[in-house]
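Below: one structure, written as structure tokens.
The values are calculated or read from the model by the stated rules, or taken from the named source; none is laboratory data. In this text, all values refer to a predicted model and were calculated from it rather than measured experimentally. Please note: Cβ atoms are built from the backbone with ideal geometry, for glycine as well, and neighbour counts cover all protein chains shown.
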Amino acid sequence: MTPAATPKDALREFVDNLKAAPRRLRDTAFRTGPPTTDRTRSTFVFGNVFLHLHSVRTHLWSLKWSTTMGLGIMSVSAFLIALVTGVMLMFYYKPYPEAAYESMKDIHFVVPTGRLIRNLHRWSANIMVIAVILHMARAFYTAAYRKPREYNWLMGIGLLVVTLGLSFTGYLLPWDQLAYWAITIGANIAQSPREVTDAVGITEVFDPGGFQRLLLLGSDQVGAEALIRFYLLHVMILPLAIAALMGVHFWRIRKDGGMVRPDNAGVLLKRARQQETYPVFTEAPVKTYQLAAVVRGRTANVGRGPENTVPSMPHLFYAELGVLMVTLLICLALALVSDAPLKELANPNVPENPAKAPWYFLGLQEMVSFSAFMGGIGIPAIVLLGLALIPYLDRETEGTGQWFGGPGGWPLVRLSAIFGLAVPVVLEAFAIRFGWLREWFPEIPQLVVTIVNPATILTSIYTLYSIWCIRRFQSTRAGALGLFTCFLAGFLVLTIIGTYFRGPNWEFFWSPSDWPKH
Amino acid sequence: MTTKSQPPRSRLDPEPLPRRDWLGLSSLWTMGAALLFGVAGMLKLPKAAVLASPSKKFRVALPETLALGEAFIPPGRAVAVFKDADGVHALSTICTHLGCVVKTNPEGFECPCHGSRFKADGEVARGPAPQPLPWLKVSVSGGVVTIDEGATVPAGTKVQA
């Protein structure tokens, strides 16, 4: 039996423990001490629930600016900013017609920092859309969708769709004229399969369009039911969906072997920053590979040495933090100079003129001004299907990990960009100058206009061009390069026309200053 | 007695399915079916059975000064009412393209959203609208016109007072 400690000793021990508490709290939180050696840097990563989505060591190729341009992290950063500011806006926002508009005015004019938070929310959402599109372009042009990353490309397509959905559902919430009429148009695009079912005469028995619109609006017009549904989608359903997709997307990046890189990445890197790395193992780790041999498939490092890698802590994490800070800076700067718009209270009897959707949907709006179904549902579905099929049709290996890699390369991309820009400009100029089928033949059946209009002709020309690329270069990748570049160029042209050159009654104007006064 | 000698099974071959496993499989399949029906049932919830929109049927008195062939827009309604020698008729002013409210112009109607034009009888004159503006069911008693936005009639149907 040990003698009981004197009261004085116990008290001193208590005080010492109290003093040591902050240090011990830190030690227990980080578990393995400060990341000062390669060993503790490793444990710092895999001992942390948030950081262990990353591998312990990062290849130098992944850290090159030109590999990713930080666009993926920029998308996540913008999402995080939108998440935080969105939760803050929820303190004051009331999802009910009129009350919604009043609360937006309160947030804008009365709530402390409300206007800045709202502007930040709006700009981070815009930056996120841009970053996601550019990130997709980066992944495409470096052929990062190829084996074993096909499935993650699909996750990326899902993220693109949910990102656009989040932006669109947020557009209704202010309940101003802009919001109301953009959602009216959006809901009627959901109903536009009726354009076909009406033309065929089967709407009575088969009406997917009406069903979609009813599901979206909860009523037959845009009202309180629609607002609460869009609110629910915006703050609950779509954020949960995007969080799940993001989780899979990030996890697969790691499981698929990190950032895509060319086979000769080591040689290419030799010229650059070889001196910063050193072999981690002094002899070949034979046993590790024997263990790996019972595991099926490829893992990140089977058959490859750890050369050309650096610890993720700090090299990768500091780079990611840097991108987050740059994104925050961009959003903050934009939020300080440009206010989010708030028009008059929604008026169901008088449409906003022109009624424009968010800018990234104005290309679609340009197409629906020819045919609601083709522009709003048909062609977007074809584009999404085409994007999803890319990794399953292009099974080649040439050029993986290189910008514009593959047969044709940069000259083909340049040619496709010129072609892809020129065709929609010519088609639009023709349609604006001479009108379209209905102006020439007023009795023409709707089905003909649905099938033959500038938007479908544009899609067909792009498709034929892509087939020409496949034949010319004897490569599916060349066809994909041509088609994807055309798709980006077409998106750009239609968006610019919809944004800057369409005025009241969706008529063509060289400049908003030419719009008729009312 | 003849026992067929079986080739030795490899450790890596899939194990044969013991008969008792049908219990496990049946629980798996019933769970799958329950999930399927449960989700299908839950999907019925967001499809509204009763629409919360205001009544489609309304009454309105035409102003005394309404000229023949001139459009009268009842306040707060997306309807244009006309009166001429043949009687009264009403057209929906909701564009058949994407649901914007069309405005009257000297030739008929024009849509501010995507530039569809309609003639005075609702026929499409130009633009992306796939259908003519529908004619609405009208009944007249005395000076009061009753219009049902939920019911359409063939184009050209005019009602005498």
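The C-beta contact set for segment B:130-143 (first residue at negative phi, second residue loosely packed, with under 13 Cβ neighbours inside 10 Å and among the polar types (S, T, N, Q), distance under 9 angstrom, 6+ apart or interchain) comprises B:V140/B:Q160.
Taking (1) touching a strand residue (DSSP E or B) at 6+ places or on another chain (Cβ under 8 Å); (2) within 9 Å of chain A (Cβ to nearest Cβ); (3) surrounded by 20 or more Cβ atoms within 10 Å (Cβ to Cβ) in turn, B:A125 satisfies each apart from (3).
Counting only residues that are farther than 24 Å from A:P454 by Cα and facing chain A (nearest Cβ under 9 Å), segment B:128-141 holds 0 of them. Taken over segment A:495-510, the criterion of being away from every other protein chain (no Cβ under 14 Å) and either crowded, with 22+ Cβ neighbours inside 10 Å or more than 20 Å from the chain's Cα centre (by Cα) (or both) is satisfied by A:T499, A:Y500, A:W510. Does segment A:406-428 include one or more residues that are part of a loop (DSSP other than H, G, I, E, B), at positive phi and outside the structural domain of A:M259 (by TED's automatic domain parsing)? So far as segment A:406-428 goes, yes, one or more of its residues are part of a loop (DSSP other than H, G, I, E, B), at positive phi and outside the structural domain of A:M259 (by TED's automatic domain parsing). Each residue in segment B:98-108 was checked for being within 12 Å of another protein chain (Cβ to nearest Cβ) and out of contact with any strand residue (DSSP E or B) (no Cβ under 9 Å at 6 or more places or on another chain), and 2 pass.
Residues checked against (1) more than 10 Å from every other protein chain (Cβ to nearest Cβ); (2) crowded, with 18+ Cβ neighbours inside 10 Å; (3) not β-branched (V, I, T):
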residue: A:V350; (1), (2), (3): no, no, no
residue: A:Q365; (1), (2), (3): no, yes, yes
residue: A:G378; (1), (2), (3): yes, yes, yes
residue: A:V383; (1), (2), (3): yes, no, no
residue: A:G386; (1), (2), (3): yes, yes, yes
residue: A:L393; (1), (2), (3): yes, no, yes
residue: A:P411; (1), (2), (3): yes, no, yes
residue: A:R414; (1), (2), (3): yes, no, yes
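For segment B:55-77, the set of residues classified as touching a strand residue (DSSP E or B) at 6+ places or on another chain (Cβ under 6 Å) and free of Cβ contacts under 8 Å to residues at least 24 places away in the same chain consists of B:L66, B:L68, B:F72, listed by residue number.
Scanning segment A:490-498 for residues that are closer than 19 Å to A:Y360 by Cβ, in contact with a Ser or Thr (Cβ under 8 Å, 6 or more places away or on another chain), in a helix (DSSP H, G or I) and not aliphatic (A, V, I, L, M) turns up nothing.
Of the residues A:T485, A:T476, the single one that is away from chain B (no Cβ under 14 Å), surrounded by fewer than 20 Cβ atoms within 10 Å (Cβ to Cβ) and touching a Lys or Arg at 6+ places or on another chain (Cβ under 9 Å) is A:T476. Pairs are defined by a Cβ separation below 7 Å, a sequence spacing of at least 6 or placement on different chains, a first member in segment A:179-199 that is of a type in the set (S, T, N, Q), and a second member that is not in a helix (DSSP H, G or I); the pairs so defined are A:T184/A:V222; A:T184/B:G99; A:T184/B:C100; A:N188/B:L98; A:N188/B:G99; A:T197/A:T203; A:T197/A:F206; A:T197/A:D207.
Just a yes or no: is a residue in segment B:109-122 within 12 Å of chain A (Cβ to nearest Cβ) and among the aliphatic types (A, V, I, L, M)? The answer is no; no qualifying residue exists.
Within segment B:133-157, the residues that satisfy the criterion of being surrounded by fewer than 16 Cβ atoms within 10 Å (Cβ to Cβ) and in a loop (DSSP other than H, G, I, E, B) are B:G142, B:G143, B:P154, B:A155, B:G156, B:T157.
Being surrounded by fewer than 22 Cβ atoms within 10 Å (Cβ to Cβ) and away from chain B (no Cβ under 14 Å) is true for just one of A:P208, A:P239. Which residue is that? One residue alone meets the criteria, A:P239.
Would you confirm whether or not segment A:169-192 contains a residue that is within 30 Å of A:I253 (Cα to Cα), more than 14 Å from every other protein chain (Cβ to nearest Cβ) and surrounded by fewer than 23 Cβ atoms within 10 Å (Cβ to Cβ)? Yes, some residue in segment A:169-192 is within 30 Å of A:I253 (Cα to Cα), more than 14 Å from every other protein chain (Cβ to nearest Cβ) and surrounded by fewer than 23 Cβ atoms within 10 Å (Cβ to Cβ).
Selection of segment B:117-161 for residues being under 18 Å from B:V101 (Cβ atoms), in contact with a Lys or Arg (Cβ under 9 Å, 6 or more places away or on another chain) and among the small types (G, A, S) yields B:A125, B:G127, B:A129, B:G150. None of A:I444, A:I457 is among the aliphatic types (A, V, I, L, M) and in a loop (DSSP other than H, G, I, E, B) except A:I444. A search for C-beta distances below 9 Å between a residue of segment A:331-350 that is under 23 Å from A:I183 (Cβ atoms) and any residue that is basic (K, R) and in a loop (DSSP other than H, G, I, E, B), counting only pairs 6+ apart in sequence or on different chains, returns A:N349/B:R77. Within segment A:211-231, residues that are within 7 Å of chain B (Cβ to nearest Cβ) have Cβ atoms under 9 Å from residues that are part of a helix (DSSP H, G or I) and among the acidic types (D, E) in these pairs: A:G218/A:E225; A:S219/A:E225, counting only partners at least 6 apart in sequence or on another chain. Among the residues making up segment B:64-84, those that are surrounded by 12 or more Cβ atoms within 10 Å (Cβ to Cβ) and assigned to a loop (DSSP other than H, G, I, E, B) are B:L66, B:E70, B:A71, B:I73, B:P74, B:R77, B:A78.
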